[in-house]
Structures are given as structure tokens and as C-alpha cells.
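Peer 1: Mind looking over this structure? Questions follow.
FYI, it's all coordinate maths here, none of it is from the lab. None of these values were measured; they are calculated from a predicted model. Cβ coordinates were reconstructed from backbone atoms using ideal geometry, including for glycine residues, and neighbour counts include every protein chain displayed.
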Amino acid sequence: MHSFTTEDLIQYVYNETSQQKTAAIKAALESDWSIREKYDEIMSAHQSLEILNLSPRKKAVDNILAYAEKSVRHLTTEV
């Protein structure tokens, strides 16, 4: 029986595992309650993160855009 790390399970949740590892994790989830418990915790966290609506503050975006505009002006005056 293979022992999967938390990282393996996170990669599985995000569909970042190879076909071979995916098959092995699926089999382990059906037969190993400790792996299933870890997986359920990760899935719960994953679903909670998907609900969050994260975005930067307007001031942060404005600062980035102002810096970019200043940089472009500086580059175009040098040429």
C-alpha cells in the first residue's frame, strides 16, 4: 500500500497528478480511511477557498497602473 502525502492529495484535487498516480490515489481513497479523511479535509478547504471572492483594493490597482504609466512615459522619452 502506498502512502500519499498531503501534497499528493492537493495535486490530485487540482488534477495535477499523472494518470498512474491518479489511479493509485482513487484506489487508496476507497480502501484507506486515513487517506480518505485527509482527502475530505483538503476538499472541504478547497471548496471554502472557491467561495471566497478575493480582489485587490482599488488603491493598489491604481498604484500599479500609475507606476506602469510612469515607466512607459520614461521609456518613450528615452527613445
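Peer 1: Mind sorting LYS38, LYS21, LYS26 by how few other Cβ atoms lie within 10 Å of their own Cβ, fewest first?
Peer 2: LYS26, LYS21, LYS38
Peer 1: Continuing with this model, one more query. Only one of the listed values, (i) 1.26; (ii) 1.37; (iii) 0.92, was derived from the coordinates as Rg/Rh (Cα atoms, Kirkwood Rh); which label is it?
Peer 2: Read-out from the structure maps to (ii).
Peer 1: Could you give the nm distance between label points at GLN47 and TYR67, where each point is 7 Å from its Cα heading toward the beta carbon?
Peer 2: For the pair GLN47/TYR67, the computed spacing is 3.8 nm.
Peer 1: Could you pull out the chymotrypsin sites (Phe, Trp or Tyr not before Pro) across segment 5-49 that fall in loop regions by DSSP (anything but H, G, I, E, B) with no more than 15 other Cβ atoms inside 10 Å?
Peer 2: For chymotrypsin sites (Phe, Trp or Tyr not before Pro) across segment 5-49 that sit outside H, G, I, E and B with at most 15 neighbouring Cβ atoms in 10 Å, the list reads TYR14.
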